[in-house]
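A.B. asks: Right, I'll just put the structure down here and ask away after.
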2 protein chains.
Amino acid sequence: MHWSRWGDPAQAGPLPDSALALVDAFLGTRDTPAVPSDEVRLSDPLAPDLVDELAQLVGREHVLLDHETRLHRTRGKSTPDLLKLRSGDGLDSPDAVVRPGTHDEVAAVIAWCVRRRVALVPFGGGTSVVGGLAAEREGFDGVISLDLVRFDKLVEVDHESMTVVLEPGLRGPAAEALLAAEGLTLGHFPQSFEYATIGGFAVTRSSGQSSAGYGRFDSLVVGLTMATPQGTLELGSSPANAAGPDLRELVMGSEGAFGVVTAVRLRVRRLPAVKVYDAWQFASFADGSAAMRSLAQAGMLPTVIRLSDEAETAINLARPSEVGGESAGGCLMIAGYEGTQEAVDARRSACTGLLDGLGGTNLGEEGGRAWAEGRFHGPYLRDSMLDVGVLVETLETVTFWSHLDRVYQAVKSALTESLGESTIVLCHISHVYETGASLYFTVATRQSDDPVAQWYAAKAAASDAMVHNGASITHHHAVGRDHKPWLAEEIGPVGVMVLRAVKERLDPTGILNPGVLIP
Amino acid sequence: MHWSRWGDPAQAGPLPDSALALVDAFLGTRDTPAVPSDEVRLSDPLAPDLVDELAQLVGREHVLLDHETRLHRTRGKSTPDLLKLRSGDGLDSPDAVVRPGTHDEVAAVIAWCVRRRVALVPFGGGTSVVGGLAAEREGFDGVISLDLVRFDKLVEVDHESMTVVLEPGLRGPAAEALLAAEGLTLGHFPQSFEYATIGGFAVTRSSGQSSAGYGRFDSLVVGLTMATPQGTLELGSSPANAAGPDLRELVMGSEGAFGVVTAVRLRVRRLPAVKVYDAWQFASFADGSAAMRSLAQAGMLPTVIRLSDEAETAINLARPSEVGGESAGGCLMIAGYEGTQEAVDARRSACTGLLDGLGGTNLGEEGGRAWAEGRFHGPYLRDSMLDVGVLVETLETVTFWSHLDRVYQAVKSALTESLGESTIVLCHISHVYETGASLYFTVATRQSDDPVAQWYAAKAAASDAMVHNGASITHHHAVGRDHKPWLAEEIGPVGVMVLRAVKERLDPTGILNPGVLIP
């Protein structure tokens, strides 16, 4: 991962001319380059006596202090994170990066942090877009990044129960490669797939582009092991049960504030023999979302289903290689099917019949292929925009069907009112449920002199609009630091009290990812 | 509900001669009648000054002290509960029954209990089989039963989102009648359906006989309102989200120990036009369960699927009106389909094809109808047995497929070793998941001189066998008092610490259902 851009810039390719022309016409462009990486100011490295103590726990080669290593574990990949780094501000960096290799080493590092009052930030793929990696330093004698990179194994495969145990540091592609060798898949493909990790997926409640078919990540988790300052929590006696509150659901979404997850037991599926993605056109966003609702409530969903609004369809954002090119008009839907040939045929035929009857026009497989090929490419476009004075960021929410249009309009208005004219707001639905759906917004505007403040103001307006219109502050991006005020509103004072009670009992010295999650 | 028997004894009908003959032959019979209800010893009624204070909160007509009312809210419906009452021991009775009519009245009663150090037991249908209604009196100046009977309304219907808000005191049939008027159903039909309530289903994580099609009750819950000593907790901003730990999953399974649920928002489905249940025969329990696993992992489950083991099939317990009659031999499976005619036809055809290929013999609809007609009748049989010196009780567990046979054998052995010869142990699978399944055991044996102690010893042996063989202490019966020691083993000391932290923060004086759930 690049220190101030998404992914591997060699994979980014140039921005399509059509896209650049579009941006130039709408927003204007100017050069806004990043500072060189060695000019980024970081925190002071951890004191040598503390480093020596950590080295005794995990080995000296696994305690790293150099500029590059610490820079790469500074904040996450939100646009404000990137803007700060590009401007030379790396002051949220960890003072050291520590790489334990076993659960017991993690437990030992946690115990050491408690003794030495050093804050600990668990690090997986570093892809947080909500400030989940920017610990509060106040009151601590240092901040370390606990890098889970050495937790990279497939620990157990149970072909009969169709479960596996994976270590938390495995990135999406590495996890899928290990599973593919067993003929299995998680089917979890969020846009961050290429860099995000199994542990991160679990503690942030990730949701992938195939969630309609394979389920949200939290629905795949059947067990977890978490090291805490009070000892180890082992959960997952069974697929489902009535043995009191489901504590797995407390670990999921905990973002390192309750402990460090060191193993995850997951439901898996057989590798699909067939994957096919159809493109569909609907006259309007309302027609397309009504069709999605019909499918969801009929229990007849494709594996992948997403719908771009009119603006996103016009700009072709669902197909990054074609951004700015000619679009189909109306609203583009992708309906994808994965599984055995027989299952795909049956499901595709049933869904096609329903979509036909619901006003859809089948555009065939070509548009679906273009989406599938570009599906992980979106974040690279953002970097190209940040280079030319354009601010691009995304945010997302989820609500019940009966609130969907209200929330859609309210968030769009909040963003355009906050950012002013020459702002482009695009939206798609990419996760649907019987009772509701997600809304994922992409925003582009001309950068002001203080683009970080510019974005936070717009984000606050959008977040207010979500919470006041009966939507959640986040469908799959988690809470981090950025969503805390709205989480407090969403779960209310008694909900906050419960989170604090758990936090204070498990982590009484508060060393675990301080400042994150807990309002 | 009868005070010492299940349901309405007028509905019980006589025990089939075939069943009585079978029991007489295997276990022998003798008369073991219950004492008359007015001879049951109850706790002293609540002190008059406290009654006066409660009357000010909810109205005098809603504070009840009479013998019958208190007797009917004494303990639940486990066999030990019934045996104690039949012998005249009602000392776990509430000192008063209080019936608030609004959320604010519930909150006021809770606040009063905190001030007066009076324990509060929420009461819905009174069908707990795990001691969930037997509060610990030690340290309190009284125990009240907070009866939710007046919470009986359908508060809201959202046809677009397919959600409803129901009040917690609604029993299964009343809730379904209100929904049917809207063309809707929950599809939640546990054996306790006729008496258990919406609130009870939620706080015990109930699972119904149609769980394969409609889902466990916890999967139907999208929102909850709970009154606690610290204020009101309102959850359920959206179908699913990433806004931190899912606190709904902490309320579900909380059994009144964290607060009193006063409203539940639920996912609903359209009333099925067609319901059809097929009977199937498999050569063995192993063959039948392998077939269930294939269906679950192919994503091709009927709405209802259950499989009796050889012993349960032989005794015909799946069809109560035919107990002791001629059985099909092998293992009986019921596969039921509900929905539109088109959906039922498609699903039934696909499942029938799979079951044919997996060694099943289709016995047609007659056996399925017999099961459906007798599905809520099982508990009545138990009462007839308790009358004639036979101890009958059930227990259940859930585990992963790869542990299923081991757990089945271990629990059976534990029960027969504990209860000695002349013990009948029957089992069925009635809830299946991609990763595992439930096991539901029915046990019959000759009553000893102390049948309560006799059963608790057997239950302990069975519970040890579950936890030591990788199964949960309960699939859908909750924790109550009876499962606490094994819950502690299942979630470990850190898990117990989390439950205690939440309990102590929300209910620092410990008045909420003391002794229940929290190890």
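A.B. asks: Considering only lysines 8 or more places apart in sequence, or on different chains, count the pairs in chain B whose C-alpha atoms sit under 24 Å apart.
C.D. replies: Close lysine pairs found across chain B: 9.
A.B. asks: Calculate the length of the line joining the C-alpha centroid of region A:235-250 to that of region B:123-158, in whole Å.
C.D. replies: 23
A.B. asks: For residue B:47, which inter-copy label distances result when the label point lies 7 Å beyond Cα on the Cα-to-Cβ vector, reported in nm to one decimal and in ascending order?
C.D. replies: Inter-copy label distances (nm, one decimal, shortest first): 5.9.
A.B. asks: Ok, one more. Would you mind checking the tilt of helix A:48-58 against the longest principal axis of the Cα atoms of chain A, expressed as 0 to 90 degrees and rounded to 10?
C.D. replies: Value to nearest ten degrees: 70.
A.B. asks: Let me ask something else. When a/c reaches 1.5 or more, the comparison of a/b and b/c decides; with that in mind, is region A:274-374 rounded, prolate or oblate per its Cα gyration tensor?
C.D. replies: Details: a/c = 2.27, a/b = 1.31, b/c = 1.73.
Oblate, because a/c is 1.5 or more while a/b does not exceed b/c.
A.B. asks: Next up: With the cut-off at 46 Å, report for the protein assembly as shown the share of all Cα pairs above it, as a whole percent. If you can, show how the numbers build up before the last one.
C.D. replies: Details: 169697 of 538203 pairs.
The share of Cα pairs beyond 46 Å in the protein assembly as shown comes to 32 percent.
A.B. asks: When the Karplus curve 6.51 cos²θ - 1.76 cosθ + 1.60 is applied with θ = phi - 60°, which whole-Hz ³J(HN,Hα) does each residue of region A:474-486 get, with x for Gly and Pro?
C.D. replies: 7, 7, 8, 9, 6, 9, x, 9, 6, 9, 4, x, 7
A.B. asks: Continuing with this model, one more query. Which residues' amide hydrogens lie under 5 Å from the amide hydrogen of residue A:184, considering only partners 5 or more residues apart or on another chain, with H built in the peptide plane?
C.D. replies: A:271
A.B. asks: Just round it to a whole percent: the fraction of Cα-Cα distances in chain B exceeding 45 Å. Working shown, then result.
C.D. replies: Numbers: 14102 of 134421 pairs.
The share of Cα pairs beyond 45 Å in chain B comes to 10 percent.
A.B. asks: From the label point of residue A:421, set 7 Å along Cα to the beta carbon, how far off in nm is each other copy's matching point, shortest first?
C.D. replies: 9.7
A.B. asks: Using amide H atoms built 1.01 Å from N in the peptide plane, name the residues 5+ places from residue B:161, or on other chains, whose amide H lies under 5 Å from its own.
C.D. replies: Close amide H contacts, sequence-distant or interchain: A:402.
A.B. asks: Here is a further query. Quantify how strongly other chains surround peptide B:488-500 by giving the mean number of their Cβ atoms within 10 Å of each of its Cβ atoms. Each step should come with its number before you reach the end.
C.D. replies: Values: counts 0, 1, 8, 8, 6, 4, 15, 8, 2, 7, 12, 5, 2.
The mean count of partner-chain Cβ atoms within 10 Å per residue comes to 6.
A.B. asks: Going by C-beta contacts inside 10 Å, put A:254, A:448, B:289, A:207 in order with the fewest on the left. Each step should come with its number before you reach the end.
C.D. replies: On the way: A:254 30, A:448 15, B:289 23, A:207 27.
Going from least to most buried by this count: A:448, B:289, A:207, A:254.
A.B. asks: Now a separate question. How shielded is B:248-256 by partner chains, expressed as the average number of their Cβ atoms within 10 Å of its Cβ atoms? Don't skip to the end; give the middle numbers.
C.D. replies: Details: counts 3, 8, 9, 2, 5, 7, 2, 3, 0.
Going residue by residue through B:248-256 and averaging, the value is 4.
A.B. asks: Can I ask one more? Would you mind ranking B:262, B:29 so that the residue whose beta carbon has the fewest other beta carbons within 10 Å leads the list?
C.D. replies: Working: B:262 24, B:29 16.
Lowest count first: B:29, B:262.
A.B. asks: Okay, next question. Please give the Cα centre distance for region B:39-93 versus region A:43-111, rounded to the nearest Å.
C.D. replies: Answer, in whole Å: 61.
A.B. asks: Between rounded, prolate and oblate, where does region B:422-500 land on the alpha carbon gyration tensor, with a ≥ b ≥ c its root eigenvalues, rounded for a/c under 1.5, else prolate if a/b exceeds b/c?
C.D. replies: Details: a/c = 2.55, a/b = 1.30, b/c = 1.95.
Taking the square roots of the gyration eigenvalues as a ≥ b ≥ c, region B:422-500 is oblate.
A.B. asks: With axes computed from alpha carbons, what is the tilt in degrees of helix B:365-374 against the longest principal axis of chain B, rounded to the nearest 10 within 0 to 90?
C.D. replies: 20
A.B. asks: Let me know the mean shielding of B:282-290 by other chains, meaning the per-residue number of their Cβ atoms within 10 Å of its Cβ.
C.D. replies: Details: counts 0, 0, 0, 0, 0, 0, 0, 0, 1.
Other-chain Cβ atoms within 10 Å of each residue's Cβ, averaged: 0.
A.B. asks: Expressed in whole Å with the largest first, what are the equivalent ellipsoid semi-axes of region A:210-294 derived from the C-alpha gyration tensor as the square root of 5 times each eigenvalue?
C.D. replies: Details: eigenvalues 254, 53, 33 Å².
Ellipsoid semi-axes (Å, largest first): 36, 16, 13.
A.B. asks: Looking at the square roots a ≥ b ≥ c of the eigenvalues of the Cα gyration tensor of region A:232-274, which shape do they give, rounded for a/c under 1.5, prolate if a/b is larger than b/c, or oblate?
C.D. replies: Values: a/c = 2.57, a/b = 1.52, b/c = 1.69.
Oblate, because a/c is 1.5 or more while a/b does not exceed b/c.
A.B. asks: Counting only Cβ atoms, what residue of chain B lies nearest to the axis that sends chain B onto chain A, and how many whole Å off?
C.D. replies: Minimum Cβ distance to the axis, with residue: B:249, 2.
A.B. asks: Across every pair of different alpha-carbon atoms, what Kirkwood hydrodynamic radius in Å does region A:26-147 reach? Present the calculation step by step, with values, prior to reporting the outcome.
C.D. replies: Values: mean 1/r = 0.0663 Å⁻¹.
Final number for the Kirkwood radius of region A:26-147 is 15.1 Å.
A.B. asks: May I ask for the equivalent-ellipsoid semi-axes of region A:142-181, computed as the square root of five times each C-alpha gyration tensor eigenvalue and listed largest first in whole Å?
C.D. replies: On the way: eigenvalues 128, 24, 8 Å².
Equivalent-ellipsoid dimensions as semi-axes: 25, 11, 6 Å.
A.B. asks: Could you list A:427, B:331 in order of exposure, starting from the residue whose Cβ has the fewest other Cβ atoms within 10 Å?
C.D. replies: Working: A:427 22, B:331 28.
In order of increasing Cβ crowding within 10 Å: A:427, B:331.
A.B. asks: Between the label point of residue A:450 and that of the same position in each other copy, find the distances and list them shortest first in nm, with every label point placed 7 Å from Cα along the Cα-to-C-beta direction.
C.D. replies: Label point to label point, same position, other copies: 7.7 nm.
A.B. asks: For the residue pair residue B:270 and residue A:180, what label-to-label distance in nm results when each label sits 7 Å from Cα along the Cα-to-beta-carbon direction?
C.D. replies: Reported label-point gap for residue B:270 and residue A:180 is 4.1 nm.
A.B. asks: If you don't mind, there's one more thing I want to ask. When only Cα pairs under 8 Å and 6 or more residues apart are kept, what is the percent relative contact order across region A:274-374? Provide the component values of the computation, followed by the final result.
C.D. replies: Details: 187 pairs, mean separation 46.1, N = 101.
So the answer I get is 46 percent.
A.B. asks: Continuing with the same structure: For n ≥ 4 DSSP H runs only, could you compute -39500 (n - 2.57) per run for chain A, divide by its residues and tell me the 222 nm figure to the nearest 500?
C.D. replies: Working: 19 runs with 195 residues, N = 519.
That comes out to -11000 deg cm²/dmol.
We did not get these values from a lab; they are worked out from the coordinates using the rules stated. Bear in mind that the values here come from a model prediction, so they are computed numbers and not experimental data. Don't worry about glycine lacking a Cβ; one is built from the backbone with ideal geometry, like all the others, and counts go over all protein chains shown.
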